[in-house]
Structures are given as structure tokens and as C-alpha cells.
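Structure record follows, encoded as C-alpha cells.
All of the numbers you see were taken from the coordinates with simple rules; none came from a lab. Just so you know, these numbers come straight off a predicted model, no measurement behind them. Neighbour counts run over all protein chains shown; Cβ positions are idealised from the backbone, glycine included.
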Amino acid sequence: MVKQEDFAVEQFMDKYETKIKYNMAETCVDSLSFNQLFGLIAGDSNVKVLTEKILNTKLTYGHIRGSPELKQAIANIYSSDGGSITPEDIVITNGAIGANFLTLYSLVDADDKVIVVNPTYQQLSSVSQAFSGKAENIISWDLNFENHYLPDLDQLKELVAKHSPKLLIINNPNNPTGVVWGDDIMKQIVKICSQSDMYLLCDEVYRPLYHSISDNIPKSVVSYGYTKTISTSSTSKAFSLAGLRLGWIVTKDSNVINGLYSKRDYNTISVSIIDDLLATVALENYKTILKRSYEICTTNLQILQDYIDNTDLLSWVRPKGGSTCFIKVNIEGIDTMKMCVELVEQFETLVVPGEVFDNKRGYIRVGFGNSSDDIKQGLGQLTKYFKSNGYLS
């Protein structure tokens, strides 16, 4: 029987997110309603047409592998940075979590070695471990606050030489830190993988949310000319449509595509025909949605910057992408799990403790894609927490 670890971050969120007023743990950019979405991308006459199309859609399975229109819209996003992605390079899934699971289900076999960046979204390491069968088969490639969460490429080369892994897993922009590895770094990582004939999976669910970087912007991992690269993503984070539950896998490797479809028959069949339709409309207009996401993130980042600049209790590596940051709490010995539970129970404010990211005690993950009011009010409650515990006078 396959053994798996409990999913710490999701269990923490599930336990507490309905018990608060101020959500600073949300990882999606402020979610859109249908009316907001249609208002952004269509005139009144087009809204009526879209509404009628939805209401008159017969609820069949639809296109089992995803509609041609949806796949083309996704391909266009990837091709915008110079890639050559076609609809045949895309597998549609139930969200990015489904994309990651299906990829690891297809690629990782018993006793395979996998290098996983750390910190990252726990699914990437835990599901790899479940399919590999042993905890020691999952090798951590650690990022450090002191090095601004930038990768040590010499360490990566050493890990590859020592373990001969089948797969390297990264995510860019990074969750939880929001750090972006630039084009120069990505080129070097791809080169290391290609020299070792190793698969490279990049969870790009926060791409292309590069709101605070103007040069050295990375392309998608699949646009660097190496066939054994794989990108996963969804409509959830940058595009504010998590409720659609629609994601995808992109790769130029036809053998991987065939393996994904073989496994997909057992756990997906198809995505919702309504999700497919709405995602197509949204992604055909992704630049408009992304403009809104940039504005929300940059506004809220400045609110956070102003707060952190005025306290010695917190420090951070300011994120250049995504909608999360990993803030260091400068209080010796602080139990950030206890801190975050107290923030929920006494101050109705949700942030995520570092303990759920491979036990990074002393850090908290803050999501800054939510409404500015949530951020302002949540920071006010954080101040009250510090005062009530004697950390501020």
C-alpha cells in the first residue's frame, strides 16, 4: 500500500480559514466573480452572448482531453515568451494540484531518486516520496533566507553527481517565498539537467505573475530548448479563478505526454465542460486579468513593505513574483505555529506558520493577493498580537 504524509499546509488552512475575518494566508490573487470576469473582458453585448452560451451548454463530458480552444489559449500564453508550444504539448487536469499529481504518478517509480527544492509546496516532495517508496529517495535542495532564497548551483551539481536522480523539481516563482529565479539562473539549471539526462519539473502556478521584475525575466521552463522539461500551472493563482479547478501540464516530450494520458484515464476522464468554457474565455484575455493582478499585488506589497520597515520584529526577502512571501519573525525561540493559532483564535487573522513548510519554525507565510483591506486590517491585528505578548510596548 502506498503511504503518504499528511498535507500540513492544506490541513492548517482547512482547519482555520473559515474562523477568521482577516485573511493574510490566501495564495490566489483576489478571486473574480463571473460578473467581474465578464466586466473585465467583454462589453455588455458579449456578456449576454457568453451567458447564453453557458446556460445552453449541454452538460456532457465534453472534450475528454480538453477543448481545442482551451488548449490553444494555453499554448498562446507559453508562446508569448518565445516558446513553440502547440495544443498537442498540453494535458488538461483538475487544477495544478491535479497536474502535479498526474506528472509524479506518471514519472516517479519505486526507488527513483528525486531532488526537490526546499521550501516549496509540500505536494511536490510528499507525492514523490509516496511513489518512490522511501523518504531517503527524496533529496532536499535547500534555499536560505541569508542567500535571498537564490539557488546554490554548485550544490545542485554535487547532489546530482551523488544521487543520479531521475527528476529535479522546482517552482518559479517560488511558494512560499515569492522569489523569482531569473533567466540566467534558469538557463544554468536546464543545462545541468540536460547534461545528466534528467527530467526537470517546474511548478509554474504563479507564472506569469512577475509584478516586480523588469529584466532577466525567466521564460517558462519548457521554452529553454530541452525536451525533458515539464511545466504545471492553472487558472488559480495569477488568474484569480481557483473555483474553476482547471490546470494543465505542458511538455515537448511526446513519451511523457503518452504516459500522462495513460495514467489520466484512471483519475480524470475529463474536466468540467463549464470550467473548460470559462477558462477558455479567461485565458484568451489573460493579459487583461494579469494587469489587474499586478495592480493588486504591487499595492499590497507596498503596504507590507511599509509595515516591515517600521518594525524590528520582522524581516523579509521582498518577493518579485507570485502572491506569497515568507517573513522571518525576529523573536528568539518563537513558536510560529503557536503564534499563528493564537492569531486565529484571539485576533481572527490567518497567516501560515513556517512549521508546515518542512518545519521552518520562526517564519510565517503571508499571502498578499487578497484585498488591501484584509492586508491592512490583518497587520493591525498582528500589531495587537505583538503588544499582547509583550514584544511591543
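Here are the numbers:
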{"quantity": "Bridge type composition, the chain - antiparallel percent by DSSP, nearest 5", "calculated": "50"}
{"quantity": "Reported label for calculated volume of the Cα convex hull per residue in Å³ given (i) 135; (ii) 169; (iii) 143", "calculated": "(iii)"}
{"quantity": "Residue-by-residue Karplus 3J(HN,Hα) for the stretch 174-186, coefficients 6.51, -1.76, 1.60, Hz, glycine and proline x", "calculated": "7, 10, x, 7, x, 6, 10, 8, x, 4, 5, 5, 4"}
{"quantity": "³J(HN,Hα), Karplus 6.51/-1.76/1.60, whole Hz, each residue of the stretch 217-231, x for Gly, Pro", "calculated": "6, x, 7, 4, 4, 7, 9, 9, x, 10, 4, 8, 10, 9, 10"}
{"quantity": "ASP152 paired with THR60, simple spin-label distance in nm, labels 7 Å along Cα-to-beta-carbon", "calculated": "5.7"}
{"quantity": "Sequence-distant residues sharing a close amide H with ASN175 (under 5 Å, placed H)", "calculated": "TYR121"}
{"quantity": "Electrostatic dipole magnitude of the chain [Cβ: Lys, Arg +1; Asp, Glu -1; Cα centre; debye, to 20]", "calculated": "500"}
{"quantity": "Simple label model, 7 Å out from Cα along Cβ direction - ASN46 to ILE269, nm", "calculated": "3.4"}
{"quantity": "Within the chain, helix-based [θ] at 222 nm, where runs of 4 or more DSSP H residues each add -39,500 (n - 2.57), nearest 500", "calculated": "-13500 deg cm²/dmol"}
{"quantity": "Fully extended contour minus Cα-Cα distance, from ASN144 to ASP111, at 0.36 nm per residue", "calculated": "9.1 nm"}
{"quantity": "Positive-pole candidate from SER194, THR251, SER214, dipole of the stretch 39-285, charges at beta carbon", "calculated": "THR251"}
{"quantity": "Taking the chain and dividing mean pair separation by its residue count, relative contact order in percent (alpha carbons under 8 Å, at least six apart)", "calculated": "26"}
{"quantity": "Förster radius 35 Å - calculated FRET efficiency between SER315 and LYS338, Cβ distance, rounded to 0.05", "calculated": "0.95"}
{"quantity": "Charge dipole of the chain about the Cα centre (unit charges at C-beta), most positive-ward option of GLN381, THR51, SER236", "calculated": "THR51"}
{"quantity": "Estimated inter-spin distance, GLU345 and ASN76, nm [label 7 Å along Cα→Cβ]", "calculated": "5.1"}
{"quantity": "Extension reserve of the LYS3-HIS163 stretch, reckoned as 0.36 nm per residue once the Cα distance is removed", "calculated": "55.3 nm"}
{"quantity": "10 Å binning of all Cα-Cα separations within the stretch 290-393, expressed as whole percents from 0 upward", "calculated": "15, 50, 31, 4, 0"}
